[in-house]
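Shown next, in structure tokens, is the structure this report addresses.
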Amino acid sequence: MKTVMSIALALALAACASGPEYAQPATPSAAAGPFVAAKSPAVQALAPVPDDWWRLYKDPVLDGLIADALAHNTDIRAAVARLARARASLKEVKVDRLPQGGASASATRGRENGDSDASTSFDAGLEVAYEVDLFGRVKRGVEAARGDVGAAEADADAVRIAIVADTARAYADASSAAERLAVAEHIVALLDESLGITEKQVEIGQTTRLDTARIAALRNQRQAEIPALAAERDSALFRLATLTGRAPSELPSTAGARTSSLKLDQPIPVGDGAQLLARRPDVRAAERRLAASTARIGVATAELYPQITLGASVGSSAGSLGNLLSNPVGFLLGPLISWSFSDHARARARVQGAEASTQEALALFDGTILRSLEETETALSAYANMLRRREALQAARNEAEVAAKIVRAQQREGVVDSLALLDAERTFAESEADLADVNGEVADAQINLFRALGGGWSA
């Protein structure tokens, strides 16, 4: 008979397991291979991305600023608080796996009909209850809470990666603005020199005031760009202060000391698609939310079955406190089965809703994978093409510099007129400014690539 009961119980447990068992989706083979756009010599296709990628710039000031941001940024602090809240919820759900107990005590005074004197009675008791998780409601609830914690952990990592990238970008923007500011000031100085030469030629009758007016106009145009560049640099520094958890007045002067754009002297390691999907926190967060949604199907399914609780209680009653412990103690022991048949329609609707939520989570997971690949391929292509653009602008700037030097020398000898000088100076000024601009754009493209690759934080 015992064997028959054991077999029947095992079959019941197997038949009533609540909800599907979760299995992590496999990485599609098309998403796991090398990146399509990783063909530039500026990237290493198979080298893993370092967590502290910003150290590739070999700038101690940047290293210190990012350390400050990781320690003090307000968005990171908020993400850590959300993670702590998720962990607290998990602890709360885990309590359901433990016996629940309580104590009670009361004192009453009253008089029955016909009695002339009032009497007092004292009662005290202990109660213990334990839910037999026969259909996995508690188990699935814990699994769902663990999925929420995993998603919150990944979300916190995503915030850290974003803050690291934003901090590096703010520092790069300030450095780029400083470089462009220095270029603008250098161009103004060259134009001042040309203007001085032209004014001397006016004095000796070699040219007219029209020539000096043209050069002065170009000089003033370039001078007018300097305040805007200074404001841009200040804006980047103020943003950098906020990212590192400081007021603008508290930002150290070293943060704005760099006067050249960030540059890398080695190819960027990018890895492959499989490494990307394992590293990106948004992919991990989407997978953990899928796991949590799958577990909640089990929580909803368990509501279709009886809830069984084992309970025990002991207690004593007496007419005085002194006799409370000496009187006989009574006890109760037994299971409690609760099962609401009339609520099955509502419970089945909740199961259907949980299944739909899981399908949504699966779609979001698949979409996150596709978007992560898109962002990375786009960043790789943008970086490679930006490098080609900088190479062309560097060559143009070098040629313009040679031409400007030749025309300046010819002007001193009176061989060329001021229009030729003006054209050469304008061409050199534009090429110099374009090169400074693209240096900043290359640094920005590098940071975008590192952010897309999911580098910047390792839990």
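Just a few scattered comments:
- Selected residue [of a type in the set (D, E, K, R), at pLDDT 95 or above and either within 18 Å of A420 (Cβ to Cβ) or buried (at least 18 other Cβ atoms within 10 Å of the Cβ) (or both)] from R169, R180, R222: R169
- Of the helices (runs of 4 or more DSSP H) lying entirely inside region 14-103, those containing at least 2 residues that are out of contact with any helix residue (DSSP H, G or I) (no Cβ under 9 Å at 6 or more places or on another chain) and more than 29 Å from S176 (Cβ to Cβ) are 74-94.
- Summed over region 225-267, residues that are in contact with a Phe, Trp or Tyr (Cβ under 6 Å, 6 or more places away or on another chain) and within 30 Å of K39 (Cα to Cα) total 1.
- Condition broken by A285, with the remaining ones in (1) closer than 22 Å to V36 by Cα; (2) not in a loop (DSSP other than H, G, I, E, B) satisfied: (1)
- Taking the numbered list (1) surrounded by 22 or more Cβ atoms within 10 Å (Cβ to Cβ); (2) of a type in the set (G, A, S); (3) modelled with pLDDT under 65 in turn, G322 passes all entries but (1).
- Among the residues making up region 390-405, those that are of a type in the set (A, V, I, L, M, F, W, C) and either surrounded by 13 or more Cβ atoms within 10 Å (Cβ to Cβ) or within 44 Å of the chain's Cα centre (by Cα) (or both) are A392, L393, A395, A396, A400, A403, A404.
- Tally of residues being surrounded by 17 or more Cβ atoms within 10 Å (Cβ to Cβ), in a helix (DSSP H, G or I) and modelled with pLDDT under 85 across region 406-428: 7
- Qualifying residue in region 237-246 (condition: under 30 Å from R77 (Cβ atoms), of a type in the set (G, A, S) and assigned to a helix (DSSP H, G or I)): yes
- Residue within region 164-186 that is of a type outside the set (D, E, K, R), outside any helix (DSSP H, G or I), under 40 Å from the mean Cα position of the chain (by Cα) and within 30 Å of R82 (Cα to Cα) present: no
- Odd one out for E374, checked against (1) within 26 Å of the chain's Cα centre (by Cα); (2) farther than 18 Å from A45 by Cα: (2)
- Any hit, region 184-195, residues being among the hydroxyl-bearing types (S, T, Y), modelled with pLDDT of 95 or more and either out of contact with any Ser or Thr (no Cβ under 8 Å at 6 or more places or on another chain) or at negative phi (or both): no
The values are calculated or read from the model by the stated rules, or taken from the named source; none is laboratory data. Remember, predicted model here, so these are calculated numbers, not experimental data. Reconstructed Cβ throughout: ideal geometry from the backbone, glycine too, with neighbour counts over all protein chains shown.
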